[in-house]
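Structure first, then comments.
The values are calculated or read from the model by the stated rules, or taken from the named source; none is laboratory data. No experiment lies behind these values; they were computed from the predicted model shown. Here Cβ is always computed from backbone atoms with ideal geometry, including for glycine, and neighbour counts include all displayed protein chains. To get the accessible areas, we keep the full protein, side chains included, count just its heavy atoms, and leave off ligands, DNA and RNA. Shrake-Rupley method; radii C 1.70, N 1.55, O 1.52, S 1.80 Å.
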Amino acid sequence: MSARHYVAFSDVSVTFGHGEGAVRALDRVSLGFGRGSFVCVVGPSGCGKTTLLNVLAGFQAPSDGRVSVAGSEVHGTGPDRGVVFQQAALFPWLTVAGNAAFGPMVRGVGRRARAERAEHWLRIVGLWEFRDRYPYELSGGMQQRLALARALANDPAILLMDEPFGALDALTRERMQEELQSVWRASFMTVLFITHGVEEAVFLGTDVVVMSPRPGRIIERLASPFAHEAGARGSRKVKSDPAFVALREQVLGLILEGPETAGQ
Amino acid sequence: MHKTPLAGPVACLLSACSVAAALATWQALAASGAVAPELLASPAQVLSALAEILREGYRGTTLAHNAAATIGRCLTGFGLAVILGVPLGLLMGLQPRAAAALGDIVQFLRPLPPLSYMILLILWFGTGDGSKVALLFLTALPIIASAAMAGVRLVPRPRILAARSLGAGFWQVVWHVVLPSALPSIFTGLRIALAAAFSTVVAAELLAATDGLGWMVLSASRFLRSDVILLGILILGVVGMALSRALLLIERRVVHWHGRA
Ligand SMILES: Nc1ncnc2c1ncn2[C@@H]1O[C@H](COP(=O)(O)OP(=O)(O)O)[C@@H](O)[C@H]1O
Ligand SMILES: [Mg+2]
């Protein structure tokens with residue numbers, strides 16, 4: 001994939017272990033997307049989704065190939081790429097406000113400015129009145145909103161999310177999807193969103209990338225128009241739209257049967 | 001089945017009952033004459049020994065002085081072990097090379113009965129406080145260092161990755177994430193180490209000392225003052241309990257999130 005793209009994975013492979021027991025988590029994966037895209041990656045568990053995200057986050061160096069952002073190769077982590085994990089991974093000794101201000105704090109932003117930054121995002125995710133609480137006093141959904149606010153308080157250009165809503169109940173998940181979408185629409189952020197929920201992927205993504213395991217590969221990439229429509233039409237309407245259902249079924253078919261048989 | 005511990009008036013009442021039962025048994029045993037009176041003083045005799053010592057002191061030393069001597073030695077050795085042991089354990093947890101280099105020494109010291117090398121310390125540092133502080137330091141250090149190391153290894157990886165992706169550098173991760181994450185484990189180590197240091201300080205005072213609660217007990221045994229011996233033992237128990245309670249209170253304040261997150 002050429003460096004024309006804002007984010008470009010070029011022939012990226014990741015192998016864990018050696019010899020007989022080696023696992024090819026990613027096998028010559030190429031993927032590029034532009035600034036402001038919302039890329040959803042779906043696929044069965046073990047197909048390399050987390051590895052893909054880890055490589056872009058800088059947590060995992062590729063065994064082969066390269067990943068670049070805005071033309072420069074990714075080496076290690078950077079605050080330009082914010083991450084939200086499935087388990088919120090909050091700092092339990094810090095208050096809600098302390099968690100939200102952590103990024104600006106370690107980056108040397110002054111006390112006043114980082115408090116303002118934290119307040120801004122805590123208000124947006126609806127946690128401002130809980131600012132003096134501790135994470136263990138929050139529900140799962142609130143913890144995940146805090147993790148989102150913590151990542152956003154750093155003003156990342158790219159937001160990486162690894163099954164962030166996987167542990168939430170259906171109702172909370174739906175609300176979080178809408179919140180995330182409105183945050184994304186109001187920003188210039190590029191999002192890489194890992195999920196095993198096909199509906200979630202088709203609903204949220206401008207692009208849906210389907211992966212298959214052993215070795216981890218991208219088998220299809222589809223454009224999805226619904227990310228832009230949902231705000232105007234409401235999510236329930238979108239999700240029952242025949243075009244939405246058709247795309248969802250197509251993606252599901254790809255995951256279950258592979259590229260050869262799907263869509264026939 | 002796990003049940004929540006009782007608290008409040010019921011717990012106090014139950015505890016008071018068993019203390020009263022123990023006192024009654026002791027009184028009955030002393031009164032029965034089954035044990036020679038110079039070997040087992042009655043509760044009343046111990047109480048009057050307490051009054052006597054509070055009034056006149058014990059062989060030229062006051063009770064407060066002896067208690068302060070014991071607590072002071074204990075906390076000095078323990079405090080030094082905290083100051084050195086926590087960073088040492090963190091280092092071993094963070095740096096596999098440090099763990100490889102120092103791990104065996106720490107694991108060798110940890111189960112070693114401190115009194116076995118006490119005699120060497122006396123030869124090196126004399127019979128004064130120096131040898132006792134060194135002894136307590138060596139008792140507490142490996143316990144604290146191991147706990148800190150274990151704490152580092154238990155830090156959830158996503159927490160570290162989150163901090164790094166938020167822009168934290170190595171030392172910021174150590175200070176803002178690894179250390180606080182390891183605190184619950186460190187405090188567990190501190191409690192064990194303090195208890196070990198306290199029992200060791202008393203044993204050390206029994207071996208060689210000119211003051212302290214342990215010395216008081218030993219000295220009383222030479223004069224067959226079972227009332228003073230029992231008094232010393234009771235005070236030791238109370239002091240030990242108070243020390244560990246105080247540490248527990250600090251722990252609850254500092255690691256308030258522990259067990260809830
Ligand atoms: N650190 C690791 N060491 C060894 N194997 C790993 C490691 N991380 C992931 N794998 C393996 O790589 C494959 C892809 O994993 P992952 O990217 O986590 O998949 P997904 O997120 O899609 O479930 C799996 O087979 C997994 O067992
Ligand atoms: Mg995964």
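A few remarks follow.
- Think of a 1.4 Å ball rolled over the protein heavy atoms: chain A then has 43 Å² of accessible area per residue.
- Signed unit charges on C-beta, dipole axis of the range A:91-155, positive-most listed residue A:Leu138, A:Pro104, A:Leu152: A:Pro104
- Relative contact order (%) - criterion: Cα under 8 Å, at least six apart; region: chain A: 24 percent
- Members of the range B:139-179 that become less accessible by 50 Å² or more once partner protein chains are added (1.4 angstrom probe, chain alone as reference): B:Arg159, B:Leu161, B:Arg164, B:Ser165, B:Leu166, B:His176
- When both the range A:1-71 and the range A:73-146 are represented by their alpha-carbon centers, they are found 26 Å apart.
- From phi via Karplus (6.51, -1.76, 1.60), per-residue ³J(HN,Hα) for the range B:200-209 in Hz, x at Gly/Pro: 6, 4, 5, 4, 5, 5, 5, 7, 7, 6
- Between 0 and 90 degrees, the angle of helix B:226-254 with respect to the longest Cα principal axis of chain B falls at about 20 degrees.
- A cut-off of 5 Å between modelled amide H atoms, ignoring neighbours fewer than 5 places along the same chain, links B:Tyr58 with B:Leu63.
- Cα gyration tensor shape for the range A:91-155, rounded if a/c is under 1.5, else prolate or oblate: prolate
- Aspartates and glutamates with Cα under 14 Å of A:Lys239, excluding same-chain neighbours fewer than 8 positions away: A:Glu174, A:Glu178, A:Glu199, A:Glu200, A:Glu229, A:Glu249
- The H on the amide N of A:Glu220, modeled in the peptide plane, is under 5 Å from the matching H of A:Val210, each at least 5 residues off or on a different chain.
- Heavy-atom accessible surface of chain A: percent carbon and sulfur, 1.4 Å: 49 percent
- Nearest 10 degrees, 0 to 90: helix B:9-32 Cα axis against chain B principal axis: 40 degrees
- Split the accessible area of chain B by element, probe 1.4 Å, and carbon with sulfur accounts for 70%.
- Mean separation of Cα contacts under 8 Å, 6 or more apart, over the residue count of the range B:27-143: relative contact order %: 28 percent
- Rounded accessible area of A:Thr15 (nearest 10 Å², 1.4 Å probe): 50 Å²
- The HN-Hα couplings worked out from phi for the range A:9-16 by the Karplus form 6.51 cos²θ - 1.76 cosθ + 1.60 (θ = phi - 60°) are 9, 10, 6, 7, 10, 10, 10, 9 Hz, whole numbers, x standing for Gly and Pro.
- Shape class of the protein assembly as shown from the Cα gyration tensor (axes a ≥ b ≥ c, square roots of the eigenvalues): prolate, since a/c reaches 1.5 or more and a/b is larger than b/c.
- Spacing of the modelled spin labels on B:Ser48 and B:Ser244, each 7 Å from Cα toward Cβ, amounts to 3.4 nm.
- In sequence order, calculated HN-Hα J values of the range B:65-76 (Karplus, 6.51, -1.76, 1.60; Hz; x Gly/Pro): 4, 5, 5, 5, 4, 5, 5, x, 4, 4, 6, 5
- Within the range A:1-109, the trypsin sites (Lys or Arg not before Pro) that combine a DSSP coil assignment with at most 12 other C-beta atoms in a 10 angstrom radius are A:Arg4.
- Residue among A:Ser235, A:Ser37, A:Ser139 with the largest mean-square fluctuation in a Gaussian network model of chain A, springs linking Cα atoms under 10 Å: A:Ser139
- Only aspartates and glutamates eight or more places from B:Lys3 in sequence, or on another chain, were considered; none has a Cα closer than 18 Å.
- Look at the dipole of chain B built from charges on Cβ: of B:Gly57, B:Leu231, B:Ile71, the Cα furthest out on the positive end belongs to B:Ile71.
- Nearest 10 degrees, 0 to 90: helix B:213-222 Cα axis against chain B principal axis: 30 degrees
- In this assembly, the B-A interface accounts for approximately 1900 Å² of buried accessible surface in total, computed with a 1.4 Å probe and without ligands, DNA or RNA.
- With coordinates expressed along the principal axes, the C-alpha atoms belonging to the range B:140-261 extend over 69, 26, 17 Å, beginning with the largest.
- Shape category assigned to chain A from the gyration tensor of Cα positions, a/c cut at 1.5: oblate
- For the range A:49-172, dividing the convex hull volume of the Cα atoms by the residue count gives 116 Å³ per residue.
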